[in-house]
Structure formats: structure tokens, C-alpha cells
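The values are calculated or read from the model by the stated rules, or taken from the named source; none is laboratory data. Being a predicted model, the structure only gives us computed values, none of them experimental. Every residue, glycine as well, gets a Cβ built from its backbone with ideal geometry; the counts of neighbours run over all protein chains shown. Only protein heavy atoms, including side chains, enter the accessible area calculation; ligands, DNA and RNA are left aside. Shrake-Rupley method; radii C 1.70, N 1.55, O 1.52, S 1.80 Å.
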Amino acid sequence: MSKRINPLVLIAGAVVGAAAVLLTALGNPANMGFCIACFVRDIAGATKLHTAAPVQYFRPEIVGLVLGSTVMALVSKEFKARAGSSPATRFVIGAFVMIGALVFLGCPLRMVIRMGGGDLNAFVGLAGFFLGILIGVFFLKKGFTLKRTYEVTKTEGFALPAVLALLFVIFLAAPSFFAFSESGPGSKYAPAALSLLVAMVVGALAQKSRLCMVGGMRDAVMFRDFNLLSGFGAIFAVVLLGNVVLSKFTGFSTLSQPISHSSELWNLLGMTLVGWGSVLLGGCPLRQLILAGEGNGDSAVTVLGMLVGAAFAHNFKLAGSADSVADGVYKVGGVAASGKIAVFIGFAVLLAISLLNSALLKKEAK
Amino acid sequence: MIDARGQSCPIPVVMVQEAVKKGNSPAELQVKVDAMVCVENITRYAASQGYAVTVDEADGEYTLTLKK
């Protein structure tokens, strides 16, 4: 089996883990060195698509991941502008993946980082993520496809990398155009140039190694292929080790975890939505950024769906709120009624998309 | 010839898996894909099923020949 594991996946996983620990030490929020959902949400806040004051910052990490992938894809001649695989459907799935992630408070990558930080709530999220992947795999086995992409003009492939690069230049040149959190997770960030650089290295490695959080479990279940899962394991191991070395590790617990809630049912269901949606998309939120960097227009549309999903999550109070301590009393956070309803709407939408794009209903129609 | 061009991960591998199961591990299979990641994924799966794989590239498209 070891022959079937690409060492580059292990290296990429280890570098992502180390980058997450490093960026946290340099100012990023706790257990949030890297989080695609959180950072896309912060960008939605910085560009005033939502007005939740604690989560507004134009995160250079998102720009760096996409551009790192673009550079690596260009160098290795893998950059290919392609699109046309059900973009509107992908937009909708991307939005619900984001809502599920913000109910849990993290994308699959942050889930692993939280696990390495000793947050037991993230292990509940992992169970939900696995359940969602099993549902997605069921439909893949029933012939689910969003149909093929086609080669398109180069401009389509460069659209998202170029827009992000332009926004980042404006952010550096005229930061006052953007919203900045004064407190909360959005107010905590590592130096921008360093965040960009570290993320570009991670983006390049993720492009080359095909690192994907959902791909690991999916391939293990479907093909007994543990290649991508090894990257998942490497991230966990390095983050855990990094936290121990920096004396940040205080054992495993569900309580008082950074930017995390202990409403376990919603940790579970939020990540079920993420796992299922990510399997339908063909990759986790990180992978969507990397594919968008390689010129995949459908993944670029998915990222835009995630951005809009993040704005909706905060405009309509769908996102989870973290556990907190007020006047010495521990208050369990969690999800408002609107968020719970959104998760169930998400399940209904994914079920409809899964059924209508697989062979299940077609067989019955015969 | 299985045409898996333009399909998202892991659908090309699912298509090969289906063909292997339906044909009761046929001695030879051909698959067409248009991304290196699919070449890698199918090669890993084929190796696990005891196939040797050869790859021909033309105009950014890859034809994989799986042989037992």
C-alpha cells in the first residue's frame, strides 16, 4: 500500500500543518492558521457583502493559495482554462457548503487543525463530515455527475486569479476602502506579506500534490486508496506536534475551545452538509481554490458561491456562535433557529441535486 | 474506449471501476482523459487491480491503456 502514497502529499500536508501553526503564532486567530471558510467569510466582510463586525478582514491567504496554484500550474504546464460543468449548480452547492462550514465554524481544513489543537468538538464534526462523504459516495456510485467541462478561452481561466490579485493590490494601496474588524477573529491576523507568501507556497504544494480533505476519505472508502488521506493525517500530526512544542496544547476537551461551540448535533450536521456537498463538487473548499487557480472556471464560480454563502450566513444569522464565558458563567454557543432551518434546506437542495444528476430517477422513469 | 474527458474527481476512476466490474476484469481497457490528475488517479487504481498502464499524450489529452 505504501507504494500508492505519493510522498509529496505527506510533505504538502506537513507544510500546511506547519504553516497553520506558524501563522497562528504570528497573529492569526487560535486554531485558525488556515481556514478557507473563515477566510472567505472575512473577505466577504472586508468587501462589505455582510456587516458582521467581528469577521471583516481581506485575508491574503485566500489570494496566496489561488496565485500559488496558478504559478505552479503554469510552471508545470498544467494550467488549462476549462468550464461548463453545471456552473449554476456548483454555485448553489458552494453556497451551502459554506453555510454548513460556518454552522460548524470551520472548513474541513480547520476541522483538522482544530483536532490537532485538542478541540473534541471537531472530532464530532469529523464524524458528520464522514457521514456526508458516505452519502455523496452513494450517489457517485449511482452515476452522479455534473457533466463534463470543455476547454475555454484563457481569460476564463485567469478571471478569478486576476480579480483576487487586483483586489489585493487595492487592499495594500488603499486599505480604507475595506472594512476591518476592531475585535473578534477578523481583528487577528499575521503580517499581510508573510500570509501571502506562506499561502503561495501552500497553494503551489497543494496544486502539485492534489491535497484535498474530502478526497482522502472518499478515495479510502471507494477505492481503498489512502494517498490523499495521508495528507489529512500529516496535517493533524504536525499541528498537534506544533501545539505541544509551543506549549499551546492543553489536552483534549469540548469546552473553552477557541472559536468553537459544543452544540454537538449542529457540529455533526453542519459538517455532514459540507462532506456531502464537497463530494458532489469533486473536492473540499481548499481544493476548489486550487482548481480555480489552475484555470477551472467552474471552481471559480464555486468560490463565488462560497463567498455569497458566507454573506448570507452572516446577513441572516445562519452561522454558529462560539461558546463563551460571561460574568464567570460558561455559555454554550451554537446555532440560531434560522441556521438550523438553513442546514435542513441545504440537505433538501443537495438531495434534489444528487437525485436529479444521478441515474436513480432515470431508472424509475423507464 | 471510456471517454472520461472533463469529468470531476473521482468520476473517471468510478467509470473505470464500473468497466472493470462489468467486464469481470477484462484483459484490456482504454480510457481517455484530459487532466494529469485523472491520469495519476486511474493509474493508482489500475495498479491496485493488477493492471499495467501505458499513457499516450496528444494535444493535452491522454489515452490510458490498461493491460493485465
* Residue selected from the stretch A:203-218 under the condition surrounded by 24 or more Cβ atoms within 10 Å (Cβ to Cβ) and facing another protein chain (nearest Cβ under 7 Å), by the criterion nearest to A:Ser299 (Cα to Cα) -> A:Gly215
* Kindly list the number of the only condition in (1) in contact with an Asp or Glu (Cβ under 6 Å, 6 or more places away or on another chain); (2) closer than 18 Å to A:Leu105 by Cβ; (3) not polar (S, T, N, Q) that fails for A:Gly297. => (2)
* Asked: Can you pull out the residues in the stretch A:1-28 that are touching a Phe, Trp or Tyr at 6+ places or on another chain (Cβ under 8 Å) and more than 14 Å from chain B (Cβ to nearest Cβ)?
  -> A:Gly13, A:Val16, A:Gly17, A:Ala19, A:Ala20, A:Leu23, A:Gly27, A:Asn28
* To do: Give just the number: which of (1) away from every other protein chain (no Cβ under 14 Å); (2) within 21 Å of A:Arg148 (Cβ to Cβ); (3) surrounded by fewer than 16 Cβ atoms within 10 Å (Cβ to Cβ) does B:Thr54 not satisfy?
  => (2)
* Structure fact -> When every residue in the stretch A:233-284 that is open to solvent by 20 Å² or more (accessible area, probe 1.4 Å) and among the aromatic types (Phe, Trp, Tyr) is compared, the one nearest to the chain's Cα centre (by Cα) is A:Phe236
* Asked: Does A:Val221 count as within 11 Å of chain B (Cβ to nearest Cβ) and of a type outside the set (S, T, N, Q)?
  -> yes
* Looking only at the stretch A:35-47, decide whether some residue is of a type outside the set (Phe, Trp, Tyr), more than 14 Å from the chain's Cα centre (by Cα), open to solvent by 10 Å² or more (accessible area, probe 1.4 Å) and away from chain B (no Cβ under 14 Å). => yes
* The lone exception for A:Phe226 - which of (1) open to solvent by 60 Å² or more (accessible area, probe 1.4 Å); (2) of a type in the set (Phe, Trp, Tyr); (3) within 23 Å of A:Ile93 (Cβ to Cβ) it fails -> (3)
* Asked: Just for the stretch A:317-365: of the residues that are among the aromatic types (Phe, Trp, Tyr) and touching a helix residue (DSSP H, G or I) at 6+ places or on another chain (Cβ under 9 Å), which one is least open to solvent (accessible area, probe 1.4 Å)?
  -> A:Phe347
* Asked: Just for the stretch A:66-96: of the residues that are within 13 Å of chain B (Cβ to nearest Cβ) and among the hydroxyl-bearing types (Ser, Thr, Tyr), which one is nearest to the chain's Cα centre (by Cα)?
  -> A:Ser69
* Residue count for the stretch A:100-146, restricted to those that are β-branched (Val, Ile, Thr) and either at positive phi or within 14 Å of chain B (Cβ to nearest Cβ) (or both) -> 3
* Structure fact -> Of the candidates A:Phe158, A:Phe171, the one satisfying the condition of being open to solvent by 60 Å² or more (accessible area, probe 1.4 Å) and away from chain B (no Cβ under 14 Å) is A:Phe158
* Asked: Going through the stretch B:25-41 one residue at a time, which ones are more than 9 Å from chain A (Cβ to nearest Cβ) and in contact with a strand residue (DSSP E or B) (Cβ under 6 Å, 6 or more places away or on another chain)?
  -> B:Glu28, B:Leu29, B:Gln30, B:Val31, B:Lys32, B:Val33, B:Val39
* Determine whether A:Arg82 is out of contact with any helix residue (DSSP H, G or I) (no Cβ under 6 Å at 6 or more places or on another chain), buried (at least 21 other Cβ atoms within 10 Å of the Cβ) and over 23 Å from A:Ile133 (Cβ atoms). => yes
* Residue that is nearest to the other protein chains (Cβ to nearest Cβ), among those in the stretch B:9-24 that are touching a residue at least 12 places away in the same chain (Cβ under 8 Å) and open to solvent by less than 50 Å² (accessible area, probe 1.4 Å) -> B:Cys9
* Asked: Do the conditions hold for A:Pro185, that is, is it within 17 Å of the chain's Cα centre (by Cα), buried (at least 22 other Cβ atoms within 10 Å of the Cβ) and at pLDDT 95 or above?
  -> yes
